[in-house]
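Structure first, then comments.
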Amino acid sequence: MDIQNTTEKLEDFYQLQDLWTEEETDVKNAVRRFVDREVIPHAGEWWQQGEFPAHLIPMLAELGVFGPTLPEAYGGSGLSPLAYGLMMQELERGDSGLRSFASVQSGLAMHAIYRYGSEEQKQEYLPRMAKGEIIGCFGLTEPDAGSDPAAMITRASEEGDSYVISGAKRWITNGHLAQVAVVWAKDDAGIVRGFLVPTQLPGFHATPIHTKASMRMSATSELYLDRVRVPKSFQLPEAHGLGAPLNCLTQARYGIVWGTVGAAMDALVEASLYAKTRTAFGRPIAAKQLVQSHIVGMETRLLNMQLMARQLGQLYLGGTMRYAQVSMAKRHNARAALEIARMAREILGGNGISTDYHAIRHMANLETVDTYEGTYEIHTLIVGRDLLGEAAF
Amino acid sequence: MKILVTVKQVPDTATKIQIRADGQGIQEDGIKWVINPYDEFAIEEALRIKEKQGGEVVIVALGPSRVEEAVRQSLAMGADRAVVISTDAAVDPAAAATALAAVCGEEGFDLILTGKQAVDDDSAQVGPMIAANLGLPQVTVVLKLEVDEAGHRLRAERELEGATEIVELPYPAVVTAQRGLNEPRYPTLPNIMKAKKKEVRRVSMDSLSLALDPRVTVNRLFAPPERPEPTILSGEPEETAKELVRLLHSEAKVL
């Protein structure tokens with residue numbers, strides 16, 4: 001059995017691609033081709049460098065991965081949720097940091113403006129964000145408020161025609177690359193509001209976090225806002241309360257559900273092909289029962305992930321997707337991908353500790369993916385509350 | 001200017017080919033199909049000419065329904081519309097060129113671009129035969145192409161062994177593309193979505209009423225013979241060297 005046949009079988013054991021539309025097939029192929037040529041050969045090196053490879057930004061914009069589900073009038077392509085999912089799958093097959101970049105730009109920043117912004121704000125930002133001329137970040141999490149965003153300290157006080165924003169945000173993807181930050185803060189009445197904060201304003205500071213042992217190809221920052229003054233017209237008029245940022249998180253989590261499929265797929269294919277050529281005690285390790293047991297277990301989990309992603313996409317397409325359904329799939333897929341990548345690293349043996357192979361990079365990245373956009377535990381409680389009608393936070 | 005690009009769909013070069021039991025062709029099940037890479041250079045060149053000088057790029061493809069995927073890819077790269085000549089029959093280069101030339105002639109054009117050859121059968125005949133069918137000048141294996149619209153002429157650089165040949169010719173003409181002519185662009189997501197709305201006209205090959213009796217028929221396709229098991233010599237270097245020379249002389253008969 002040659003490499004291509006083995007890869008295809010591992011990636012799609014139940015022939016789910018028979019269900020794909022032409023649009024989904026073409027989008028997947030286009031993004032895969034880009035990632036195979038432009039990202040994967042350099043991913044290990046970029047990851048070690050610990051910064052997002054900014055030269056990719058115009059290339060990703062040209063490929064069309066920023067805000068692709070938005071209408072053409074705002075620079076989007078009107079992509080279906082399933083095609084968007086496959087796009088995220090293929091990006092994260094390259095690296096979780098690459099998918100995170102696209103997730104934050106599209107699912108968080110652009111989505112926030114599209115859903116909660118005024119027409120003027122949409123016209124001003126969205127087409128240029130689609131072109132990659134403006135990079136956005138999304139400031140919700142704070143140093144002391146992660147899983148409990150209602151405990152945020154950042155305040156936006158009315159002073160005349162302006163809001164004056166003060167506070168700190170942490171673990172902000174793209175923070176020090178962004179030209180605009182979507183910042184969530186409580187107003188004088190204690191209601192959570194969204195603000196479009198140009199990052200060059202006086203009092204705005206973004207500091208890179210360089211100590212990460214995970215998601216190293218992604219730019220992650222701490223934001224400090226020290227009396228940053230913005231006109232009232234920079235407030236997102238349709239966002240009232242915590243529901244708005246949480247709705248954006250649902251979008252981003254949907255992308256993660258698909259992205260993690262890509263990371264798991266890549267780690268599993270790498271480990272399986274390695275097992276077919278690496279010999280121990282005179283035979284390929286793929287001929288060992290212990291290894292076969294692991295690979296079959298990983299393949300089964302990958303298939304679970306794919307089926308959940310696909311049906312979630314169908315619900316999204318049909319307009320009935322609920323956030324608790326997204327939570328269950330995010331919880332499952334991030335954890336399953338993490339465990340698949342860990343086992344792939346184990347199968348690679350000593351070679352598995354090097355970023356010359358992909359598994360350890362995916363594994364380390366997926367520790368972040370399992371944690372951000374709602375930890376495994378928080379999603380357990382969201383689904384638990386939905387199933388049982390009792391909040392247990 | 002109006003540019004037609006004839007495009008063939010071929011098995012991905014990474015695909016492992018299996019020969020059919022009847023020896024008349026390859027097993028098509030499970031094959032990943034792509035645009036012939038040389039045709040991609042032709043599409044890219046057509047798009048660049050259009051971007052510079054305006055006009056229209058029309059894809060002309062021939063084959064069974066699976067070629068629609070290659071057509072969609074071409075439209076997603078930026079071509080304006082496509083004509084597909086539908087047939088399930090095995091088509092030899094002469095028949096393909098006759099049918100493509102008929103459709104190109106009916107479409108009308110200033111320039112026909114295509115790959116210098118298809119990477120599946122490597123016959124490299126279809127481009128030149130389209131030119132012959134339409135009575136046009138042609139230039140093959142082109143590495144660089146310049147269009148002089150005012151003078152209605154083309155200037156092309158061709159790759160020769162150890163040399164570059166520069167030729168000029170009037171157009172309408174047929175130009176076949178070599179690797180190095182350009183770097184083909186990726187289909188992008190916006191263009192994939194736009195491609196869904198572009199016109200694809202389908203013409204059945206039978207409806208063209210052409211005499212397409214094959215001039216070349218495939219007798220048999222077979223895989224190269226399996227390599228015999230290698231002989232591995234072991235022992236002292238002095239002994240194995242002597243044995244190697246003996247084998248090369250008396251068995252392999254190369255010394």
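Between the Cα long axis of helix A:359-371 and the first principal axis of chain A there is an angle of about 40°, rounded to the nearest 10.
Summarising the amide proton neighbourhood of B:Trp33: residues at separation of 5 or more, or on other chains, whose placed amide H is nearer than 5 Å comprise B:Asp12.
Using equal-weight Cα scatterers in the Debye expression, the normalised intensity of the range A:251-393 in log10 at q = 0.09, 0.15 Å⁻¹ is -0.31, -0.74.
Report the calculated FRET efficiency for A:Thr375 and A:Asn351 (r = Cβ-Cβ distance, R0 = 30 Å), to the nearest 0.05.
0.45
Based on the Kirkwood approach, the hydrodynamic radius assigned to the range B:7-97 is 14.4 Å, with every pair of different Cα atoms included. Of B:Glu51, A:Glu142, A:Glu92, B:Glu183, the sequence from fewest to most neighbouring Cβ atoms within 10 angstrom is B:Glu183, B:Glu51, A:Glu142, A:Glu92. For the pair the range A:15-64 and the range B:113-172, the centres of their Cα atoms are 34 angstrom apart. Its relative contact order, with pairs defined as Cα atoms under 8 Å and 6+ residues apart, puts the range A:155-265 at 31 percent.
Overall dimensions of the range A:108-213, expressed as equivalent-ellipsoid semi-axes from the Cα gyration tensor (√(5λ), whole Å, largest first), are 20, 19, 13. Mean partner shielding of peptide B:189-202, defined as the number of other chain Cβ atoms within 10 Å of each residue Cβ, is 5. Here chain B is assigned +1 on the Cβ of each Lys and Arg and -1 on the Cβ of each Asp and Glu. Its dipole about the Cα centre then comes out at about 780 debye. In the protein assembly as shown, the DSSP beta bridges split such that about 60 percent are antiparallel, to the nearest 5. Out of B:Thr87, A:Tyr116, A:Leu290, whose Cα points farthest toward the positive end of the dipole of the protein assembly as shown (charges: +1 Lys, Arg; -1 Asp, Glu; placed on Cβ)? The listed residue farthest towards the positive side: A:Tyr116.
Rg and Dmax of chain B, based on Cα coordinates, read 22.7, 76 Å.
Nearest 10 degrees, 0 to 90: what angle lies between the long axis of helix B:237-246 and the longest principal axis of chain B (Cα atoms)? Taking the Cα atoms of chain B, the angle to B:237-246 is about 70 degrees.
A P(r) calculated from all alpha carbon pairs of the range A:5-150, with 5 Å bins opening at zero, reads 2, 9, 17, 20, 18, 15, 11, 6, 2, 0, 0 percent. Its relative contact order, with pairs defined as Cα atoms under 8 Å and 6+ residues apart, puts chain B at 23 percent.
Seen from all sides and averaged, what is the projected area of the convex hull of the Cα atoms in the protein assembly as shown, in nm²?
37.9 nm²
Distance between the pseudo-spin-label points of A:Arg227 and B:Val167 (7 Å out from Cα toward the beta carbon): 7.7 nm. Per-residue 3J(HN,Hα) values for the range A:103-112, derived from phi via the Karplus relation 6.51 cos²θ - 1.76 cosθ + 1.60 with θ = phi - 60°, read 4, 5, 4, 8, x, 9, 5, 5, 4, 4 Hz in sequence order (x marks Gly and Pro).
The angle between the Cα long axis of helix A:376-388 and the longest principal axis of the Cα atoms of chain A comes to about 80 degrees, rounded to the nearest 10.
Centre-to-centre, using Cα atoms only, the range B:199-238 and the range A:233-306 are separated by 39 Å. For the protein assembly as shown, the dipole from Cβ point charges (+1 on Lys and Arg, -1 on Asp and Glu) about the Cα centre works out to 1020 debye, to the nearest 20. Measuring nothing but how far apart in sequence close Cα pairs (under 8 Å, 6+ apart) lie, relative to its length, chain A scores a relative contact order of 18 percent. When chain B is treated as a GNM with alpha-carbon contacts under 10 Å, the residue of B:Leu181, B:Leu221, B:Leu111 showing the greatest mean-square fluctuation is B:Leu221.
Values quoted throughout were computed directly from the atomic coordinates according to the rules given, and no laboratory measurement underlies them. Worth saying up front: this structure is predicted, and the values here are computed from it rather than measured. Glycine gets a Cβ as well: all are built from the backbone with ideal geometry, and neighbour counts include every protein chain shown.
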